[in-house]
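The values are calculated or read from the model by the stated rules, or taken from the named source; none is laboratory data. Since this is a predicted model, take the numbers as computed values, not measurements. Here the Cβ positions follow ideal geometry from the backbone for every residue, glycine too, while neighbour counts run over all protein chains shown. SASA here: full protein model, heavy atoms, side chains in, ligands and nucleic acids out. Shrake-Rupley method; radii C 1.70, N 1.55, O 1.52, S 1.80 Å.
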Amino acid sequence: MNRGEGKLSVVVDRVDTITPMIKRFSFRARDGGELPRFSGGAHVIVEMPDGEILRRNPYSLMSDPADPSRYAISVRRDEAGRGGSRFMHEKVREGMELTISMPVNMFPSDRRARKHLLLAGGIGITPFVPHILELAAAGAAFELHYNVRTREQGAYAEDLARRFGDRVHVYETDLGEGFDLDAILSDQPLGTHLYVCGPKGMITDVIGRASEFGWPGQNVHYEEFLAPQPGKPYQVELARSGITVEVASHQSLLEAIEAAGVDAPYLCRGGACGQCETAVVSCDGQILHNDHYLTDEEKASGEKIMVCVSRFEGRRLVIDR
Amino acid sequence: MLVEGIKSRPVYGVLAPQPGLSHIIVAEGEGAEAVLRMAEAAPAGFFAKSHLIFVPRGGDRPDRADGLRALGAADFQSVGSPADAAAAVATLLRDAKMGTQVYVTGTEGLIGLVVQAAETAGIDHASIHTEHRGSMARRVQCVHCKGITENVTTQPVKCSHCGLTLLVRDHYSRRIGAFQGVCIDAEEPGTAPRPEELFK
Ligand code: FES
């Protein structure tokens, strides 16, 4: 999606404090109309005008896909992050106007599945809320296993457990609980699709174990938005635009390109979708590939860079933008 | 073009041991060799989790079955026909769990039937492991009378049900596990080319 295209003007309708770390924001269309339909697993990019900087962070939608009057997202405050979540927690209030992107879904449920197995950790629950509402409405078979530190911290755990009874299993990791991955993975009927969202370690464990147990790759789905990592500042030449941009240490290359007024495509801003792939014209130095979109061979070839999360160290980088 | 460049023609691979909680392996005739070759790469304990189904072909050497039996599968079954093999797979898969791998090697007819049974049980066809061995004989469905002609080796072929002369297309239906046969001399019966052995 390019700048200016597919944007939505919304008003912050409600802000709820779910836990000291998690706030839920609900948005309605500024013109009072219906918001575009979305399906479970979709995210929007929220634009945050934070002083000089325009931040854009992806958040999964967690409202009911059947209700076009509202969107909702949950934001976990990340003290160590680059400031997007702090902005949402500290500056965003009811009645404020925001610009968000159209919903994009990179984590949809597979309609061919005979059963949907959802594994969530912490704030990774958010994309599963609309999934579950959708699956329950369609009468589809599903089962959620949800690891949280404590029940109070388990945003939405109570509500889901109350509404969906024995299809929802909540584990408090502070009490030493946690889902028994091997038992769960070895007792699913044929045609089950597995979805995992949560901390990186959990995603890696689940994918690895499922593959060892013989789950076909096409039955395993995950979503992980990578936050752009800070690093040393550097310069990049944009060959087509004929300009050089400075990338500050807490800025992503994509953000630097946008700040220079150059259009660049993106969908996830988290190294997952492939939309921001940019050809490298010449490179004297090392590209720090932080995405999980390019294959290892592609990363090694140095011919492409995912500008939303990857950085550069060295003498000179020229990209086709 | 009726025959070339049709995408639905199945693509077969080479069997290799996959990670899995259990394995169902179906071999027909020469397919036994594909299983024996896969066995060389199999990790310890692989066959203890395996159910092996063998369909001997007419005139098969008896040592083929012996070779397979010697692999020490948890269960070994010899059945009379590809249809029996597909039925056995369907039964095994009825209560199977995710992590069950299905391997099938032999003629296209056998592969088609087993893939169909596994798909019906909920396994995506892309995750079923296949290797073509033996005759290229095809299962052909006549588009006119819907009858299935087994073991087709010639092009064209006479439908064993309605007697029309059929051109065997590369168009393959996974649902019925058969290639499509279309009448080739509908305008002027009897003008079809002479059948040639194409699928040996
Ligand atoms: S925008 Fe999705 S990978 Fe960069």
Handout entry: Shielding by partners - mean other protein chain Cβ count within 10 Å, residues of B:121-127
Key = 5
Handout entry: Extended-chain gain in nm, criterion 0.36 nm per residue less alpha-carbon gap, A:VAL11 and A:ALA259
Key = 86.8 nm
Problem - Amide H partners (placed H, <5 Å) of A:LYS115, local residues excluded - result: A:THR192, A:HIS193
Handout entry: In the stretch A:134-190, the chymotrypsin sites (Phe, Trp or Tyr not before Pro) that fall in loop regions by DSSP, at most 14 other Cβ within 10 Å
Key = none
Exercise for the section: Can you tell me the alpha carbon radius of gyration of the stretch B:146-200 divided by the globular rule-of-thumb value 2.2 N^0.38 Å? Expected result: 1.08
Practice task
Mind pulling up the Rg/Rh value for the protein assembly as shown? Radius of gyration and Kirkwood radius, both on Cα.
Solution key: 1.06
Handout entry: Within chain A, helix-based [θ] at 222 nm, where runs of 4 or more DSSP H residues each add -39,500 (n - 2.57), nearest 500
Key = -5000 deg cm²/dmol
Practice task
Please turn the phi angles of the stretch B:184-192 into ³J(HN,Hα) values with the Karplus equation 6.51 cos²θ - 1.76 cosθ + 1.60 (θ = phi - 60°), one per residue in order, whole Hz, x for glycine and proline.
Solution key: 9, 10, 4, 5, 10, x, x, 9, 5
Practice task
Just the number, please: carbon plus sulfur as a percent of the accessible area of chain A, 1.4 Å probe, no ligands or DNA/RNA counted.
Solution key: 46
Exercise for the section: Enter the mean number of other protein chain beta carbons within 10 Å of the beta carbon of each residue in A:214-225, as an integer. Expected result: 3
Fill in the blank from the handout: Helix B:108-120: inclination vs chain B longest Cα principal axis, degrees, rounded to 10, gives 70
Fill in the blank from the handout: Taking R0 as 56 Å and r as the Cβ-Cβ distance between B:ASP95 and A:ARG316, the FRET efficiency 1/(1 + (r/R0)^6), rounded to the nearest 0.05, comes to 0.35
Handout entry: Distance histogram in 10 Å bins (all Cα pairs of the stretch B:22-132, percent per bin)
Key = 15, 53, 29, 2
Completion exercise
Cα-based Rg/(2.2 N^0.38 Å) for chain B, rounded to two decimals, is 1.09
Handout entry: Whole-number accessible area per residue in Å² for the stretch A:35-88, which is evaluated in the context of all protein chains at 1.4 Å
Key = 36
Exercise for the section: Using the Cα centre as the reference, give the magnitude of the dipole from point charges on the C-beta atoms of the stretch A:57-142 (Lys, Arg: +1; Asp, Glu: -1; all else neutral), rounded to the nearest 20 debye. Expected result: 260
Handout entry: Protein accessible area in the stretch B:22-132, 1.4 Å probe - carbon and sulfur %
Key = 52
Exercise for the section: Using only Cα atoms, figure out Rg for the stretch A:158-201 and give it as a multiple of 2.2 N^0.38 Å. Expected result: 1.34
Fill in the blank from the handout: Rounded to the nearest 100 Å², the accessible area buried between A and B, both sides, probe 1.4 Å, is 1400
Fill in the blank from the handout: Note on the stretch A:1-152: alpha-carbon gyration tensor, axes a ≥ b ≥ c; rule is a/c under 1.5 for rounded, else prolate if a/b larger than b/c, else oblate; result oblate
Exercise for the section: Return the FRET efficiency for the residue pair A:ARG70, A:ARG114: r is the Cβ-Cβ distance, R0 is 30 Å, and the value is rounded to the nearest 0.05. Expected result: 0.40
Exercise for the section: Run through every distinct alpha carbon pair of the stretch A:152-274 and return the Kirkwood hydrodynamic radius in angstroms, one decimal place. Expected result: 18.4
Practice task
Let me know the number of lysine pairs in the protein assembly as shown closer than 29 Å at the Cα, not counting same-chain pairs under 8 apart.
Solution key: 23
Handout entry: Span per principal axis, largest first, for the Cα atoms of the stretch A:255-299 (Å)
Key = 31, 26, 14
Practice task
Count, for each residue of B:98-104, the Cβ atoms from other chains sitting within 10 Å of its Cβ, then give me the mean as a whole number.
Solution key: 5
Exercise for the section: Would you mind getting the accessible area per residue of the stretch A:234-319, heavy atoms of the protein chains only, 1.4 Å probe, in Å²? Expected result: 44
Handout entry: Segment B:THR154-B:GLU197, extension gain: residue separation times 0.36 nm, minus the distance between their alpha carbons
Key = 15.1 nm
Exercise for the section: Mind putting a number on the dipole of the stretch B:22-132 about its Cα centre? Charges go on the C-beta only, +1 for Lys and Arg and -1 for Asp and Glu, and I need it in Debye to the nearest 20. Expected result: 260
Practice task
Could you work out how far the C-alpha centroid of the stretch A:38-60 sits from that of the stretch B:57-120, in angstrom?
Solution key: 52
Handout entry: Relative contact order of the stretch B:22-132, pairs being alpha-carbon contacts under 8 Å that are 6 or more residues apart, as %
Key = 32
Problem - Segment A:GLU152-A:GLU177, length gained on full extension (0.36 nm per residue, minus Cα span) - result: 7.5 nm
Practice task
Tell me, for chain B, which Cys residues have no other cysteine's C-beta sitting closer than 4.7 Å.
Solution key: B:CYS183
Fill in the blank from the handout: So, with points 7 Å from each Cα along the Cβ direction, the B:ARG69-A:GLN286 label distance in nm works out to 6.1
Exercise for the section: Find which of A:THR204, A:LEU119, A:GLY139 sits farthest along the positive direction of the dipole of the stretch A:115-222, computed with +1 on the beta-carbon of Lys and Arg, -1 on that of Asp and Glu, about the Cα centre. Expected result: A:GLY139
Exercise for the section: Enter the Cα centre distance for the pair the stretch A:183-227 and the stretch A:133-158, rounded to the nearest angstrom. Expected result: 17
Fill in the blank from the handout: On the formula 1/(1 + (r/R0)^6), with r taken between the Cβ atoms of A:ASP296 and A:GLN229 and R0 of 22 Å, the FRET efficiency rounded to 0.05 is 0.75
